[in-house]
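What follows is one structure encoded as structure tokens, with my remarks underneath.
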Amino acid sequence: QPSKDIISCIKNKGLLKIDTNPLRFIPEADVIYTDTWISMGEEKEAEIRKKIFQPYQVNKKLLTDAKGGFLFMHCLPAHRGWEVTDDVIDSENSVVFQQAENRLHSQKALLHFLYKPL
């Protein structure tokens, strides 16, 4: 769940829907975004996390009612077969590699800004 500060900000300036059932929001989503279930240092929790998060795996079945032209995003690295299936991450709707490229350029710009002579 998002923090109270984020919820407050969204309530005043935007739209935030919180729901634990992905089938309720998939049909109206323009972007479907997931993240890794296991980060570095959390390997001991892999099996329990896999059981907890399995209902949220982004797969063809979950996306049956997705609107046409939706985008799939993931910050990478992805654990194929866990949080996302190959047929989704390799689909025409996936922009994960463009996302990674944009992140690279943003990081380079930030480094340039931080390390330029004063």
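What follows draws every value from the coordinates through simple rules; no lab data is involved. The structure displayed is predicted, hence computed values, not measured ones. Cβ: placed from backbone, ideal geometry, glycine included. Neighbour counts: every protein chain shown.
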Item to check | Where labels lie 7 Å past Cα in the beta-carbon direction, separation of Gln1 and Lys44 in nm | outcome: 2.7 nm
Item to check | Pairwise centroid distance, computed over Cα atoms, of segment 91-115 with segment 6-48, Å | outcome: 21 Å
Checklist entry - Roughly how big is segment 20-115's charge dipole about its Cα centre, with Cβ charges of +1 (Lys, Arg) and -1 (Asp, Glu), in debye to the nearest 20? => result 140 debye
Checklist entry - With point charges of +1 on the Cβ of Lys and Arg and -1 on the Cβ of Asp and Glu, referenced to the Cα centre of segment 25-118, which listed residue (Ser94, Cys75, Val31) lies farthest in the positive direction of the dipole? => result Cys75
Checklist outcome for this item: Of Lys11, Lys61, Lys44, the most mobile residue in a GNM of the chain (C-alpha springs, cutoff 10 Å) is Lys11
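So for segment 20-115, averaging the separation of alpha carbon pairs under 8 Å that are six or more residues apart and normalising by length, what relative contact order in percent results? Don't skip to the answer; put the middle values down first.
Working: 103 pairs, mean separation 30.3, N = 96.
Relative CO of segment 20-115 lands at 32 percent.
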Checklist outcome for this item: Candidates Gly69, Gly81, Gly41; GNM for the chain (alpha-carbon contacts under 10 Å) flags as most fluctuating Gly41
Item to check | Protection proxy ranking of 107-114, 50-57 - average other beta-carbon atoms within 10 Å, highest first | outcome: 50-57, 107-114
Item to check | Inter-label distance for Ile10 and Arg80, nm, one decimal - labels placed 7 Å from Cα along Cα-to-Cβ | outcome: 3.2 nm
Item to check | Candidate values [x] 17.6, 58; [y] 14.0, 47; [z] 16.9, 54, label of the one derived for Rg and Dmax of the Cα atoms in Å | outcome: [z]
